[in-house]
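Read the structure below first, then the notes.
The values are calculated or read from the model by the stated rules, or taken from the named source; none is laboratory data. The model shown is predicted, which means the values in this text are computed figures rather than measured ones. Ideal geometry is used to build each Cβ from the backbone, glycine not excepted, and the neighbour counts take in all protein chains shown. With ligands, DNA and RNA removed, areas are computed over all heavy atoms of the protein, side chains included. Shrake-Rupley method; radii C 1.70, N 1.55, O 1.52, S 1.80 Å.
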Amino acid sequence: MTILTQPTSPTQHTVPAAGQRVLPPLRIGRHVIDSPVVLAPMAGITNRAFRRLCREAGDAGLAASGASGAHSLYVNEMVTSRALVERKPESMRLIEHDEDETPRSVQLYSVDPATTARAVRMLVAEDRADHIDLNFGCPVPKVTRKGGGAALPWKRDLFRAIVSAAVTEGAKGDVPVTIKMRVGIDEEHHTYLDAATAAVEEGVAAVALHARTAGQAYSGTADWSRIRLLKETITSVPVLGNGDIWSAEDALRMVAETGCDGVVVGRGCLGRPWLFADLAAAFNGAQVRIRPSLGEVSATLRRHAELLTEFYEGDQLRACRDIRKHIAWYLKGFPAGSTVRNQLALVDSLAALDDLIATLDPDTPWPGEAAEGQRGRAGSSRVVALPEGWLASRELDAEQQARVAQAEQSVVDGG
């Protein structure tokens, strides 16, 4: 990867003096994460192939910066506790890790304390995870309308029971549990401070906040002041910030503005797995940043497809169907013609991918600002789909309890 010694972001004033470490290693239970960065679990994205790609790309800046993004925490895409307990083949495949992947991190979605306990018990007893994260931030309608994801912390008793079940079972194998959540359902119904306080009381090892409400989805701007308030409220465990980190400079600015102990990166690394090298360098006080040429980006794209082929057990067609959604992210800002882009979006084999990559000019330099900024669909704000009468009380009634018990059936792992 091409490495530049000066950041190109307009927020260069946030870059510390060379050699000045910005944050200490992140401690989550017994684990020490040297680069205080977490890959956010993203459905259909953060499978074993993508996590490996990020670790490999994250290590690219080691020689130049004295830090390695391979030593960040890479969380797998969300799996439902119920599907895990039932040992659904796709769910069991999603929680697989590379032999050299450590800590092995699994994110669980659940709406039932008993199922949560059984899922964590299985992961611990069968030595399948070193860290477990609980999803309380998903804003997808099929999840929230059943009372799950970002809707769940509104019900304080249910939220506390799920967290307690996970922490209790995780402790039996010294597997720390963390939570990832949103500010709340909407601007009139915030839950993050109550939820974080309850979670810490139940023994979680860290809390992460995506500084948007469920109603915002991914639209608008993340309100980092919420992260600052959470950090001021929670002082006994690390507080991690998430939302609108598109560059290492954004991460430095978030830490400066909020005092958070680490950052969680989601859409910012789409098509840019080397962002973890940038982040490791930045937090280590180095000003080097990776700015790859089109040839280097194409090689990363090809490596991603190769890893996906391995992940899908040699099924090149399935791997290529998966890589298609990454094409626009990899090529953002580069002057690749629309014809090539369209053909790449229809690629069906590694050989076809190679042929198309060969038509790109490998010497094309990093396009700078055109390749920076937001990635992925932002969408627009919306009214959050919720179970009937959900907002009437902070506690579950009998009818809601019965309805919520069915929530996991509506979530399909790997979708």
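Structural remarks
- Extended-chain gain in nm, criterion 0.36 nm per residue less alpha-carbon gap, residue 370 and residue 355: 2.8 nm
- Kirkwood Rh in Å, taken over all unlike Cα pairs in segment 78-155: 13.0
- In this view, the solvent-accessible surface of residue 33, computed with a 1.4 Å probe and all protein chains in place, comes to about 0 Å².
- Distance from the C-alpha centroid of segment 120-190 to that of segment 238-298: 26 Å, rounded to the whole angstrom.
- Under the span-like rule (Cα at least 24 Å along the axis, Kyte-Doolittle mean at least -1.0), DSSP H helices of the chain: 294-311
- R0 of 51 Å, Cβ-Cβ distance residue 405-residue 313: FRET efficiency to nearest 0.05: 0.90
- Segment residue 236..residue 99, full-extension length gain: 46.1 nm, with 0.36 nm per residue of separation and the alpha-carbon distance subtracted.
- Working note: Karplus 6.51/-1.76/1.60 with θ = phi - 60° gives segment 386-402 the couplings 9, x, 4, x, 4, 7, 5, 8, 7, 10, 7, 9, 4, 5, 5, 4, 5 Hz, where Gly and Pro are set to x.
- Long-range HN-HN contacts of residue 74 with modeled amide H, under 5 Å: 39
- Each residue of segment 90-98 is assigned a 3J(HN,Hα), and the resulting list reads 5, 5, 5, 6, 5, 8, 6, 10, 5 Hz, derived from the Karplus form 6.51 cos²θ - 1.76 cosθ + 1.60 (θ = phi - 60°), x at Gly and Pro.
- Pairs of Cα atoms in segment 183-320 fall into 5 Å distance bins, from 0 up to the last occupied one, in shares of 2, 9, 16, 16, 15, 13, 11, 9, 6, 2, 0 percent.
- Bridgeable lysines around residue 180 (alpha carbons under 27 Å apart, same-chain partners fewer than 8 residues away excluded): 88, 142, 146, 155, 172, 231, 325.
- Element breakdown for the chain at a 1.4 angstrom probe: carbon and sulfur atoms account for 50% of the accessible area.
- In the context of the full set of protein chains, segment 29-108 has a per residue accessible area of 34 Å² (1.4 Å probe).
- Once the Cα gyration tensor of segment 269-415 is diagonalised, semi-axes √(5λ) in Å: 39, 22, 15
- Label-to-label distance, nm, for residues given as residue 22 and residue 382 (7 Å Cα→Cβ offset): 3.3
- Amide H contacts of residue 206 (H built 1.01 Å from N, under 5 Å, at least 5 apart or other chain): 179
- Note on the chain: with a GNM built from Cα contacts shorter than 10 Å, the maximum mean-square fluctuation among 112, 278, 223 falls on 223.
- Length released on extending from residue 197 to residue 341, taking residue separation times 0.36 nm less the Cα-Cα span: 47.1 nm
- Solvent accessible area, Å² - residue 249, 1.4 Å probe, full protein context: 0
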